[in-house]
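Below: the structure, in C-alpha cells.
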Amino acid sequence: MSASCDPAYAPVGDVGAALMMVDSRLKAVHAGKAATDPEQQTLMEQFLASLGPGGLDDLVDGACTLIYMFMTWLRKAHESEGKDVVEYVVPTLVATMRMMPRSCPPEVIPMMAGLVIAAGTELSPNLWRKQYGDWTKDEMTPLEATAFLLAEHINRIADNPEFATRMIADALTNIAGEG
C-alpha cells in the first residue's frame, strides 16, 4: 500500500471528542430531538472554541479515524456476507446526505463519499482528503454527519442504538489499558 494514504501514517486525532459529538447527536435523534437544542448548540460551540486551532485539527482527524473504524467494521460485516461495503454503504449514505441540504450542501457530498470509499478500501480518510488541500469550513458539518450516519447504519445492523459508540469506546478503553 502506498504510504501516502496508509492508515499506519495517519494522525489518530482526538477520537474521544469526535465520539462524544457523534454520541451526543445519536442520543438527541433517538430522543426525538432532530433539531439541535439551542442550549446543546451553545455548549458545542463553546467546546469547539475551547479547542483552539490545533485542537480543531485533532477533532477533524479524530472524526476521520471514527469513519475509518466504522468502515472497517462495516467492511468486515459485509465481507462475511459476501458483499462489497462500498456497493452497500455509499449509495445509502449519499442518498441520505442529499436529503439534508442544510447540513450537507450538494457540493461537499462527493468529498464525503470519497472519504467513506477511501476508508472502505482500507485507506486513511484524512490522508486521502489531504491530497485535495486544506479542509474547508463547509466540510465540517458534513464530516460530522458522515460519522453520525455510519454509526447509525452500524446501530441498525446490530439492532442496538448504542452499538457503534460502545464499540469505539471499548476499543479506546482497551488501548488505554495497554498503554
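When you check E87 against the structure, is it in a helix (DSSP H, G or I) and surrounded by fewer than 16 Cβ atoms within 10 Å (Cβ to Cβ), yes or no? Before the answer, list the steps.
Details: in a helix (DSSP H, G or I): yes; surrounded by fewer than 16 Cβ atoms within 10 Å (Cβ to Cβ): yes.
Spelling it out, E87 is indeed in a helix (DSSP H, G or I) and surrounded by fewer than 16 Cβ atoms within 10 Å (Cβ to Cβ).
Specify which of the listed residues (A164, A169) is touching a Phe, Trp or Tyr at 6+ places or on another chain (Cβ under 7 Å) and touching a residue at least 12 places away in the same chain (Cβ under 8 Å). Walk me through it before giving the result.
Values: A169 fails: touching a Phe, Trp or Tyr at 6+ places or on another chain (Cβ under 7 Å).
Of A164, A169, the one residue that is touching a Phe, Trp or Tyr at 6+ places or on another chain (Cβ under 7 Å) and touching a residue at least 12 places away in the same chain (Cβ under 8 Å) is A164.
State whether the residues of region 90-103 include one that is loosely packed, with under 12 Cβ neighbours inside 10 Å and hydrophobic (A, V, I, L, M, F, W, C). So far as region 90-103 goes, yes, one or more of its residues are loosely packed, with under 12 Cβ neighbours inside 10 Å and hydrophobic (A, V, I, L, M, F, W, C).
Considering each of L59, L66, L43 in turn, give the residue that is modelled with pLDDT under 80 and either open to solvent by less than 60 Å² (accessible area, probe 1.4 Å) or in a helix (DSSP H, G or I) (or both).
Details: L59 fails: modelled with pLDDT under 80; L66 fails: modelled with pLDDT under 80.
That would be L43, the only listed residue that is modelled with pLDDT under 80 and either open to solvent by less than 60 Å² (accessible area, probe 1.4 Å) or in a helix (DSSP H, G or I) (or both).
Quick grid of which residues meet (1) of a type outside the set (S, T, Y); (2) more than 12 Å from the chain's Cα centre (by Cα); (3) within 20 Å of G16 (Cα to Cα); (4) not in a helix (DSSP H, G or I):
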residue	(1), (2), (3), (4)
P91	yes, yes, no, no
V94	yes, yes, no, no
V108	yes, yes, no, no
G133	yes, yes, no, yes
L149	yes, no, yes, no
T173	no, yes, yes, no
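Taking residues in region 62-75 that are of a type in the set (F, W, Y), and partners anywhere that are outside any helix (DSSP H, G or I) and surrounded by fewer than 23 Cβ atoms within 10 Å (Cβ to Cβ), the pairs with Cβ atoms closer than 8 Å and at least 6 places apart or on different chains are Y68/A10. Taken over region 109-138, the residue count meeting the criterion of being open to solvent by less than 10 Å² (accessible area, probe 1.4 Å) and not small (G, A, S) is 5.
For region 156-169: of the residues being assigned to a helix (DSSP H, G or I) and more than 16 Å from K76 (Cβ to Cβ), which is most open to solvent (accessible area, probe 1.4 Å)? So, considering only residues that are assigned to a helix (DSSP H, G or I) and more than 16 Å from K76 (Cβ to Cβ), the one most open to solvent (accessible area, probe 1.4 Å) is R156. Per this entry, T141 is not counted among residues that are among the hydroxyl-bearing types (S, T, Y), open to solvent by 10 Å² or more (accessible area, probe 1.4 Å) and modelled with pLDDT of 95 or more.
Taking first residues from region 107-119 that are without any contact (Cβ under 8 Å) to a residue 24 or more places away in the chain and aliphatic (A, V, I, L, M) and partners that are in a helix (DSSP H, G or I) and open to solvent by 10 Å² or more (accessible area, probe 1.4 Å), the Cβ contacts under 6 Å between residues at least 6 apart in sequence or on separate chains come to A113/V90; A113/V94.
The values are calculated or read from the model by the stated rules, or taken from the named source; none is laboratory data. All of these numbers come straight from a predicted model, not from anything done at the bench. Don't worry about glycine lacking a Cβ; one is built from the backbone with ideal geometry, like all the others, and counts go over all protein chains shown. Accessible surface areas use protein heavy atoms only, side chains included; no ligands, DNA or RNA. Shrake-Rupley method; radii C 1.70, N 1.55, O 1.52, S 1.80 Å.
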